[in-house]
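The structure under discussion appears below in the form of structure tokens.
The values are calculated or read from the model by the stated rules, or taken from the named source; none is laboratory data. Everything numeric in this text was worked out from a predicted model, so none of it was measured. For neighbour counting, all protein chains shown are included, and Cβ atoms are generated from backbone atoms with ideal geometry for every residue, glycine included.
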């Protein structure tokens, strides 16, 4: 099992390990990247919860590794990976991952995300990426990420300065 990535430079090493990764390891690496993105992002206006819920739609949950996510602690809370089926279920999520899901009603989903301060991580190429807060992509067999500051600010999400420094692109 690949060791859990830590903040900062080790995050870069985690992204670099994709070059040697098999499909299972790709899911684990992507999950560890998402955990680090969650760790370095906050939604100060969000109501306190008993657990940290990472969500993915049915089409996307298979791209993540539950064990890699659920072994983490976010804001001293136990992490759970939950499959959601509709936009209205997203309000219980702290983080939403989208890769293959095609939003039938993107405006409705965007409104829930903003109102509930749900950190949204979208894989590059998905049409919903323009509404995301973090957009991840694979280039030269490595993961990179861009931060969408305007949409994050609208949703009340704040990124740690370390995450901003590691981003390959900052989109205002």
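Tabulated data for the structure shown
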read-out: Residue satisfying all of: in segment 27-44; in contact with a helix residue (DSSP H, G or I) (Cβ under 9 Å, 6 or more places away or on another chain) and outside any helix (DSSP H, G or I); farthest from residue 114 (Cα to Cα) among these; value: 40
read-out: Selection within segment 42-61 - exposed (fewer than 15 other Cβ atoms within 10 Å of the Cβ) and in contact (Cβ under 8 Å) with a residue 12 or more places away in the chain; value: 44, 45, 49, 50, 51, 58, 59
read-out: Single residue of 11, 81 found to be crowded, with 18+ Cβ neighbours inside 10 Å and at pLDDT 90 or above; value: 81
read-out: Residue list for segment 66-87, filter: closer than 20 Å to residue 126 by Cα and either assigned to a loop (DSSP other than H, G, I, E, B) or out of contact with any strand residue (DSSP E or B) (no Cβ under 7 Å at 6 or more places or on another chain) (or both); value: 85, 86, 87
read-out: First in segment 146-171 and at positive phi and in contact (Cβ under 8 Å) with a residue 24 or more places away in the chain, second anywhere and loosely packed, with under 13 Cβ neighbours inside 10 Å and not in a strand (DSSP E or B), Cβ under 8 Å, 6 or more apart; value: 156/44; 156/45
